[in-house]
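Take a look at the structure set out below.
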Amino acid sequence: MATVTKKELTDRIADAIKIKRVAVKDIVQRFLDEMVVELAKNNRLEFRDFGVFEVRMRKPRMAQNPRTLQRVPVPAKCTVKFKVGRQMRDRVTKGVLPQRGSKSERTVPASTATPSSPPPA
């Protein structure tokens, strides 16, 4: 699994739509900044088929220090929750490789099988 940076994404967009990289970088950064502003206002951001970002309040709780086993209070805090949209979920699911050892991984597609290949186990 590779990591794709904001710079790489802006370079791809700039190449695809033939706009200067600096302009695309500014647009992408402004978009991200506006997302943060809206989430800070406790607004919900909904992007159809992509997903929904919303701020959730986590309740205060008691935790335990694993080293000392002392109970420690953890205060309430805000977190951002992302719920994936249907189209993104479907496209990502189709693009994900099967897990190691799964039945689908052991099956050889007909297009890659050769007459001299032994049948799949």
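Laboratory data are not the source of any read-out in this text; all were calculated from the coordinates shown. Predicted model, so just to flag it, every value in this text is computed and none were measured. Heads up, the Cβs are rebuilt from the backbone with ideal geometry, glycines too, and the neighbour counts pull from every protein chain shown.
Cβ-Cβ distance below 7 Å, separation of 6 or more or different chains: which pairs start in region 4-18 with a residue that is among the polar types (S, T, N, Q) and end on one that is surrounded by 13 or more Cβ atoms within 10 Å (Cβ to Cβ)?
Thr10/Arg21; Thr10/Val24; Thr10/Lys25; Thr10/Val28
So which residues in region 48-71 are free of Cβ contacts under 8 Å to residues at least 12 places away in the same chain and surrounded by 10 or more Cβ atoms within 10 Å (Cβ to Cβ), if there are any at all?
Ala63, Gln64
Name the residues in region 1-47 that are surrounded by 13 or more Cβ atoms within 10 Å (Cβ to Cβ) and of a type in the set (Lys, Arg), would you?
Arg21, Lys25
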